[in-house]
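Peer 1: Have a look at this one.
The values are calculated or read from the model by the stated rules, or taken from the named source; none is laboratory data. Computed from a prediction, not measured in an experiment: that's the story for all the values here. No Cβ is skipped: glycine too gets one built from the backbone with ideal geometry, and neighbour counts run over all protein chains shown.
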Protein chains: 2
Amino acid sequence: MPNARNTEAVRKPASAARPLDGFDRKILGALAADADLSYAELGQRVCLSAPAVHDRVKKLRASGCLRRTAAILDGPALGKPLLAFVHVDSAGWGKTQELMAMAELPEVEEIHCVTGDTCMLLKVRCASSRALEALLARIYATPGVKGTRSYVVLSTYLERTPQAEITESLEAD
Amino acid sequence: MPNARNTEAVRKPASAARPLDGFDRKILGALAADADLSYAELGQRVCLSAPAVHDRVKKLRASGCLRRTAAILDGPALGKPLLAFVHVDSAGWGKTQELMAMAELPEVEEIHCVTGDTCMLLKVRCASSRALEALLARIYATPGVKGTRSYVVLSTYLERTPQAEITESLEAD
DNA sequence: TTAAACATCCGAATGACATTCCGAGGAATC
DNA sequence: GATTCCTCGGAATGTCATTCGGATGTTTAA
């Protein structure tokens, strides 16, 4: 198992830029699923030695592919079982000040500016429907907000950490 | 600094259930921002010893508040700069088989069943607008899908890891 | 074709850190 | 007021991250 050099593992990209090869993709996929993996265990899964994967992870961090590691917390266990997406109709564009005001709300997890009839899309997590009502009132009270449209999540069927699955589809392009 | 017992840190919840105190919240917040923190450094930030925070983290894992740790990857750096939310109008409810079919697509990050006029809400990440077009075609081809409505993300202003901010608002309820 | 420069790998060694093991000190219960 | 329980801190141990040197394959240049 430790002699990966004589197997099919020898082929390297051999190109100038920074194209991720199969090793990098497997490493990123494994770390996206569990960032607590030891380098030794990680090396066993990809058929590389611990120093080799350590070196690759360091380069992946430096290149920006691996941004950081984070603890994934559980909303319901923390007292916030209600997840919802809120479309916010805004009066105009470029009102970053109001955006930042909403970013201060602890219930707001994500703020995106999107195309379409709404200007912003929020992902929020609340303790109860009453808390969601209060949050919507605060969002509506933000200057420049014309209206909101909420979609309460009934159940979540898939929740991958961003880009957990780095499959062949990426290099097929 | 290491003698936290004689400071204000002494007060404990002393209740039977499992209510997170200020230490737990600070620990979770710090780990949500950076899961690579050592217990020693984590202890310095919360004014606790390394074994104490280790013990708390273990309990937080056991109680389910801390689900896991994950590497946060960068979409653009990985060749998927296009983020979009897709509302999927479904013919009926309870079609979990079609849901699972969409979960197989590597571009799909999240699948939620939501209230409102659409039955499902997807978060997807693609390499290009052409890739998004192809993905929408595949989604539309899924049996039971009546139509889709897409919101392409122009820019993201806030992207917290779930429940990164465990502030006072949680226990204010 | 040959030689040099470079990148990546592995095995071993070192240092740092996670983890465990007591002993001590408050808080709640009786 | 005494006991029990829980949590903390300091020290010790084992594991793991990290580094170093040498070797191999690959690319570039002569």
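Peer 1: I'm checking my understanding of the structure. Among residues of the stretch B:50-76 that are of a type in the set (Gly, Ala, Ser) and more than 7 Å from chain A (Cβ to nearest Cβ), which one is farthest from DNA strand D (Cβ to nearest atom)? Let's see the steps before the verdict.
Peer 2: Going residue by residue through the stretch B:50-76, those that are of a type in the set (Gly, Ala, Ser) are B:50, B:52, B:62-64, B:70-71, B:75.
If we keep only those that are more than 7 Å from chain A (Cβ to nearest Cβ) too, we end up with B:50, B:52, B:62.
Details: B:Ala50: 7, B:Ala52: 3, B:Ala62: 11 Å.
Across the stretch B:50-76, the extreme among qualifying residues is B:Ala62.
Peer 1: Looking at this structure, is A:Ala70 in contact with a helix residue (DSSP H, G or I) (Cβ under 7 Å, 6 or more places away or on another chain) and away from DNA strand C (no atom under 11 Å from the Cβ)? Quick ask: steps written out before the conclusion?
Peer 2: Working: in contact with a helix residue (DSSP H, G or I) (Cβ under 7 Å, 6 or more places away or on another chain): yes; away from DNA strand C (no atom under 11 Å from the Cβ): yes.
Yes; evaluated as a whole, the condition is true for this residue.
Peer 1: Can I ask one more? Starting from the stretch A:44-66, take each residue that is of a type in the set (S, T, N, Q) and list its partners that are surrounded by fewer than 13 Cβ atoms within 10 Å (Cβ to Cβ), counting only C-beta distances under 8 angstrom and pairs at least six apart or across chains.
Peer 2: A:Gln44/A:Met1; A:Ser49/A:Pro2
Peer 1: Anything in the stretch A:77-99 that is at pLDDT below 95 and within 8 Å of chain B (Cβ to nearest Cβ)? List them, or say none.
Peer 2: Of everything in the stretch A:77-99, those that are at pLDDT below 95 and within 8 Å of chain B (Cβ to nearest Cβ) turn out to be A:Ala77, A:Leu78, A:Gly79, A:Lys80, A:Thr96, A:Leu99.
Peer 1: Then there is this: Looking at the stretch B:1-59 only, could you name the residues that are at pLDDT 95 or above and touching an Asp or Glu at 6+ places or on another chain (Cβ under 7 Å)?
Peer 2: B:Arg56 - this is the single residue of the stretch B:1-59 that is at pLDDT 95 or above and touching an Asp or Glu at 6+ places or on another chain (Cβ under 7 Å).
Peer 1: For the stretch A:113-138, enumerate the residues that are in contact with a Ser or Thr (Cβ under 7 Å, 6 or more places away or on another chain) and at pLDDT 95 or above.
Peer 2: If we filter the stretch A:113-138 for residues that are in contact with a Ser or Thr (Cβ under 7 Å, 6 or more places away or on another chain), which is where we start, we get A:113, A:119-120, A:136.
Answer for the stretch A:113-138, where residues must be in contact with a Ser or Thr (Cβ under 7 Å, 6 or more places away or on another chain) and at pLDDT 95 or above: just A:Leu136.
Peer 1: Checking A:Pro162 against (1) closer than 25 Å to B:Gly64 by Cβ; (2) modelled with pLDDT of 95 or more, only one condition comes out false. Which one?
Peer 2: Only one criterion is unmet by A:Pro162, namely (2).
Peer 1: Quickly run through the stretch A:32-49 and pick out the residues that are within 8 Å of chain B (Cβ to nearest Cβ) and either in a strand (DSSP E or B) or more than 13 Å from DNA strand D (Cβ to nearest atom) (or both).
Peer 2: As a first pass, look at the stretch A:32-49 and keep what is within 8 Å of chain B (Cβ to nearest Cβ): A:32-36.
Hits for the stretch A:32-49 are A:Ala32, A:Ala33.
Peer 1: Return a yes/no flag: does the stretch A:77-93 have any residue that is more than 30 Å from A:Gly29 (Cβ to Cβ) and either without any contact (Cβ under 8 Å) to a residue 24 or more places away in the chain or within 16 Å of DNA strand C (Cβ to nearest atom) (or both).
Peer 2: Here is the first cut: in the stretch A:77-93, the ones more than 30 Å from A:Gly29 (Cβ to Cβ) are A:79, A:82, A:86-93.
Next cut, either without any contact (Cβ under 8 Å) to a residue 24 or more places away in the chain or within 16 Å of DNA strand C (Cβ to nearest atom) (or both) only: none.
For the stretch A:77-93, residues more than 30 Å from A:Gly29 (Cβ to Cβ) and either without any contact (Cβ under 8 Å) to a residue 24 or more places away in the chain or within 16 Å of DNA strand C (Cβ to nearest atom) (or both): absent.
Peer 1: Read through the list (1) within 11 Å of DNA strand C (Cβ to nearest atom); (2) farther than 26 Å from A:Val57 by Cα, then give the number of the only condition that B:Ala35 fails.
Peer 2: (2)
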